[in-house]
Amino acid sequence: MSNKYSTARMQELDAKHHLHPFSNHKSLRAAGSRVIVGGEGAHFIDSEGKRVLDGMSGLWTTNVGYGREELAKAAYDQMLELPYYNTFFQTTHPRVVELSEKLSQIAPAGIRQVFYGSSGSESNDTAVRMIRHYWVIKGEPKRRIIISRRNAYHGSTITAASMGGMALMHSQLYPPYEGFRHVMEPYWYGNSEQGETPEEFGLRAAKAVEDEILAVGPENVAAFVGEPVMGAGGLKIAPSTYWPAVQKIVEKYGILFLHDEVITGFGRTGKWFAADYYGTKPDLVTFAKAATSGYIPLSGLLVGDRVANAFAEHDDEFYHGYTYAGHPVACAVALKNIEIMERERLVEKVNDVTGPALARMLGKFKDHPLVGEVRSIGMLGAIELVADKRTRRRFDDPGRVGTICRNHFSREGYIMRAIGDTMVTAPPLIFTEEHFAEAERVIAKVLDLTLNDVAGELAA
């Protein structure tokens, strides 16, 4: 790929005019942004011509990889046919109808309706609005509290961030919205007690949900929300006992169950949605990111029969919606993206081929001196960096070693994200044996480079 962009000029203009999300603007402008100019398959290319294997699928997003002409053509054709129309005023259009039908076919059982947005944050905001209005319709307006987990990520709007459990985000909300409670996350490696098995810990973490329901009063609780796998909170995978126990708890108290599948949806666990991986029965499911493989913004809230029927039978307007809800071009791209995934059997391959390959690759590093734990589910994986493998003692100044490691990855040509001192990967679902071999070589080199940087801090 020829490069028509000057790195220095792009960095100069970027610093002058572009405020980046989740960034320290002072340090970013001093260092200069990496300029990404193209993508091919599982790699992206920067303005210096370096090809980098994208171990994060952009941002948990490009499941079918970069450069899919079919997706570009789907957008082009739809732009010529109908580039935009709203779905507010008793109107619809073919693409949103077709996509809604298709989503109802691949969604968890009992879910047949979709409410659209453009981002995961928007759809989680929609979920909060819908959950609370549902209980008003049902004659129980006191049910307003939504229980989440500490370190959960549900988006960055004020409502979505309040529902999430990120302390640093809460510190900048001035203040977080009321009506949300946060319990311990199901993170065995970091939260278990001495000698506690994963199965025992999973039941204890689920009990924290019930304890909070009882503490605030079941009559005041509207819903429990959880990411099936906690993504931005550090790729935390619940023990096998956790989700079955949570399912029993939400059923026991009659509260709604919201799955945030913005990351796990569209095949990443080896099922279209992680609810089917875990056997849970959510009333609502949020999605975004990989619905279009990131080629164009689209999100949604899958709405189960319990909630959808209440709205459909209630003669009252729901005062909520977005200009781009059900955008024709985004829907056309999503339809083609799902078609590609079905044709190439990418979801089945995650279950049978690529997911096990990722687990094997990460497993090769479990005995490295820096590594406390490796874990994975489908095409999601993590490497915990610790100062003491035996005691799980962390490094001083959490996140410092993760940043060192991340920067090595960026230079060496495989992208892994640092969340604190946990290195996270979520490769495109199109990964091949060659991609895994390339990633393995880089991971081995980077862990050794990082070890050399912090060797004096490790336990003797």
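The values are calculated or read from the model by the stated rules, or taken from the named source; none is laboratory data. Please read all numbers here as calculations on a predicted model, not as lab measurements. No Cβ is skipped: glycine too gets one built from the backbone with ideal geometry, and neighbour counts run over all protein chains shown.
Kindly evaluate residue 275 against the criterion of being under 29 Å from residue 328 (Cβ atoms), of a type in the set (Gly, Ala, Ser) and either at pLDDT 95 or above or not assigned by TED's automatic domain parsing to the domain that holds residue 150 (or both).
So residue 275 passes the test.
Among the residues of region 31-54, which ones are among the aliphatic types (A, V, I, L, M) and at pLDDT 95 or above?
Of everything in region 31-54, those that are among the aliphatic types (A, V, I, L, M) and at pLDDT 95 or above turn out to be 35, 36, 37, 42, 45, 52, 53.
Looking at this structure, is residue 232 part of a loop (DSSP other than H, G, I, E, B), among the hydrophobic types (A, V, I, L, M, F, W, C) and under 28 Å from residue 168 (Cβ atoms)?
Yes, satisfied.
So which of 399, 420, 378, 413 ends up being touching a Pro at 6+ places or on another chain (Cβ under 7 Å) and touching a residue at least 12 places away in the same chain (Cβ under 8 Å)?
Being touching a Pro at 6+ places or on another chain (Cβ under 7 Å) and touching a residue at least 12 places away in the same chain (Cβ under 8 Å) holds for just one of 399, 420, 378, 413, which is 420.
Here is a list of conditions, (1) surrounded by 17 or more Cβ atoms within 10 Å (Cβ to Cβ); (2) farther than 30 Å from residue 81 by Cβ; (3) among the basic types (Lys, Arg), and residue 289 meets all of them except one; can you say which number that is?
Failed condition: (2).
Suppose we filter 103, 28, 19 for residues that are part of a loop (DSSP other than H, G, I, E, B) and not basic (Lys, Arg); which single one remains?
19
Name the residue, out of 6, 57, 2, that is modelled with pLDDT of 95 or more and not aliphatic (A, V, I, L, M).
The unique qualifying residue is 57.
Could you look through region 304-344, keep only residues that are touching a strand residue (DSSP E or B) at 6+ places or on another chain (Cβ under 7 Å) and in a loop (DSSP other than H, G, I, E, B), and pick out the one that is surrounded by the fewest Cβ atoms within 10 Å (Cβ to Cβ)?
Ranking the candidates gives 322 first.
Here are some conditions: (1) crowded, with 24+ Cβ neighbours inside 10 Å; (2) in a helix (DSSP H, G or I); (3) among the charged types (D, E, K, R). Residue 268 meets all but one. Which one does it not meet?
Evaluating residue 268 over (1) crowded, with 24+ Cβ neighbours inside 10 Å; (2) in a helix (DSSP H, G or I); (3) among the charged types (D, E, K, R) leaves (2) as the failure.
What number goes with the only condition from (1) in a helix (DSSP H, G or I); (2) touching a Phe, Trp or Tyr at 6+ places or on another chain (Cβ under 9 Å) that residue 285 does not pass?
Single failed check for residue 285: (1).
Would you please list the contacts, defined by Cβ atoms under 6 Å and residues six or more apart or on different chains, that run from a residue in region 316-341 that is under 10 Å from residue 75 (Cα atoms) to a residue that is modelled with pLDDT under 95 and of a type outside the set (D, E, K, R)?
Short answer, once both residue conditions are applied: none.
Quick check: anything in region 195-217 more than 21 Å from residue 269 (Cβ to Cβ), within 21 Å of the chain's Cα centre (by Cα) and not acidic (Asp, Glu)?
Taking every residue of region 195-217 in turn, none turns out to be more than 21 Å from residue 269 (Cβ to Cβ), within 21 Å of the chain's Cα centre (by Cα) and not acidic (Asp, Glu).
Mind checking whether some residue in region 126-136 is outside any loop (DSSP other than H, G, I, E, B), free of Cβ contacts under 8 Å to residues at least 40 places away in the same chain and either in the same structural domain as residue 229 (by TED's automatic domain parsing) or under 30 Å from residue 389 (Cβ atoms) (or both)?
yes
What number goes with the only condition from (1) in a helix (DSSP H, G or I); (2) within 17 Å of the chain's Cα centre (by Cα); (3) not acidic (Asp, Glu) that residue 250 does not pass?
(2)
Can you tell me which residue among 61, 7 is hydroxyl-bearing (Ser, Thr, Tyr) and within 26 Å of residue 262 (Cα to Cα)?
Residue meeting the stated conditions: 61.
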